[in-house]
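Bear in mind that the values in this text are calculations on the coordinates, not laboratory data. Predicted model, so just to flag it, every value in this text is computed and none were measured. Using ideal geometry, Cβ is built from the backbone for each residue, glycine included, and neighbour counts are taken over all protein chains shown.
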Amino acid sequence: MPLLNNSPELTISHPIFLIGFMGCGKTTMGKKIAKKGVIPFVDLDQKIVEQAGMSVSDYFALNGEDAFRELETHMLRAIPTTEATIISTGGGTPCFNDNIEWMNENGTTVYLKLPPRALLKRLSGKEGTSRPLLKGKSEDEILDFITIKLNEREKFYEQAKLIVDVHNMNPSLVLDLIFTKLQSK
Ligand code: S3P
């Protein structure tokens, strides 16, 4: 059971799932938590890419979203549940196939919460181009898409065991906050 640095009381032997909308910082934050905690990091989208042998965009284009959700669920549930791992999930992962229930039963879920305009800022330009759901959209269309989708998805995201409002917070503060919250669980 790994002991997290500077957090003597915090020991874990289960996965920590970072959830939230595209662009909320799950991968960046996941890597930081994993480094600080000296535990492995897994990017679920990356696992899907390895399994599929192609990018998420190509998989969507070739097989459609339903097939992607099936593969995503399969890869999620293949994660060992008795090991400490930080997992950055895809923005849609908790919203399909009862995945939020499964994650809550098998680990600690952490929702990185940001409002639509802040997400837009992060998804504008290069960051957005790799996301199939944003392909071909103007900035106004992306903002509409984020607002509508976030509204649909928040009922899943808000089932997370920890909700961290990361708006206007620098990454090291977010990291400390998540550690404190995990410690007090
Ligand atoms: C998706 C988010 C993406 C990726 C796929 C679908 C979504 O992951 O899984 O493009 O439905 O929100 P990120 O949240 O890491 O961008």
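What residue among 95, 178, 160 has its Cα farthest toward the positive end of the dipole of the stretch 63-185, where the charges are +1 on Lys, Arg and -1 on Asp, Glu, each on the Cβ?
Of the options given, the answer is 178.
Percent relative contact order of the stretch 15-184, based on C-alpha pairs within less than 8 angstrom and at least six residues apart?
Computed value for the stretch 15-184: 33 percent relative contact order.
Order these peptides, 18-31, 169-182, by their mean beta-carbon neighbour count within 10 angstrom, highest first.
Ranked from most to least packed, the peptides come out as 18-31, 169-182.
Given points 7 Å out from each Cα along the Cα-Cβ axis, report the residue 177 to residue 35 separation in nanometres with one decimal.
Reported label-point gap for residue 177 and residue 35 is 2.0 nm.
Considering only Cα-Cα distances, which of the following residue pairs are longer than 18 Å: 155/181; 26/137; 36/181; 135/155; 161/181? Kindly include the intermediate steps, with their values, before the conclusion.
Numbers: 155/181 21 Å; 26/137 23 Å; 36/181 15 Å; 135/155 25 Å; 161/181 10 Å.
Exceeds cut-off: 155/181; 26/137; 135/155.
Tell me the net charge near residue 171. Cut-off is 11 Å between Cβ atoms, residue 171 excluded, with +1 for each Lys or Arg and -1 for each Asp or Glu.
So the surrounding residues net to +1.
To the nearest 10 degrees, how steeply does helix 171-183 sit against the main Cα axis of the chain, on a 0 to 90 scale?
Result, in degrees: 50.
Once you order the gyration tensor axes a ≥ b ≥ c over the Cα atoms, which shape class does the stretch 95-185 get: rounded for a/c under 1.5, otherwise prolate or oblate by comparing a/b with b/c?
Here the stretch 95-185 falls in the oblate category.
Between residue 77 and residue 168, 0.36 nm times their residue separation minus their Cα-Cα distance comes to what?
Answer, rounded to one decimal: 29.5 nm.
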